[in-house]
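The values are calculated or read from the model by the stated rules, or taken from the named source; none is laboratory data. Please read all numbers here as calculations on a predicted model, not as lab measurements. Every residue, glycine as well, gets a Cβ built from its backbone with ideal geometry; the counts of neighbours run over all protein chains shown.
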Amino acid sequence: MTRSTPSAKTPAHYEAAMEELEGLVAQMESGDLPLDQLLSQYQRGAHLLQFCRDKLQAVEDQMKVLDGGVLKPWKNP
């Protein structure tokens, strides 16, 4: 049986996921987490990373549709 904890919730948006992911990385890099927490933080990070990748892919797909099937290079003003 899989337990659902508040930290296992899907983020509201991309920016929230990135913020949480950055916090997890900082905690993991500190070296202060016990092994079992390190594993759960890693799993949460993997979930957040997949969420972010999915969001980015969805945006890229939308841009291709808007640009007639061709992804145009980003031009930073």
*asked:* With the requirement that a residue be aliphatic (A, V, I, L, M) and under 21 Å from Lys9 (Cβ atoms), what does segment 23-64 give you?
replied: Leu24, Val25, Ala26, Met28, Leu33, Leu38, Leu39, Ala46, Leu48, Leu49, Leu56, Ala58
_Could you check segment 32-52 and list, in sequence order, the residues that are among the hydrophobic types (A, V, I, L, M, F, W, C) and under 13 Å from Ala16 (Cα atoms)?_
Leu48, Leu49, Phe51, Cys52
*asked:* Take the conditions assigned to a loop (DSSP other than H, G, I, E, B), at pLDDT below 95 and more than 12 Å from the chain's Cα centre (by Cα) and apply them to Leu39. Does it pass?
replied: no
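For Glu29, are the conditions met, namely being surrounded by fewer than 12 Cβ atoms within 10 Å (Cβ to Cβ), modelled with pLDDT of 90 or more and part of a helix (DSSP H, G or I)?
Answer is yes for this residue.
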*For residues that are touching a residue at least 24 places away in the same chain (Cβ under 8 Å), over 23 Å from Ala58 (Cβ atoms) and among the hydrophobic types (A, V, I, L, M, F, W, C), tally how many sit in segment 5-46.*
0
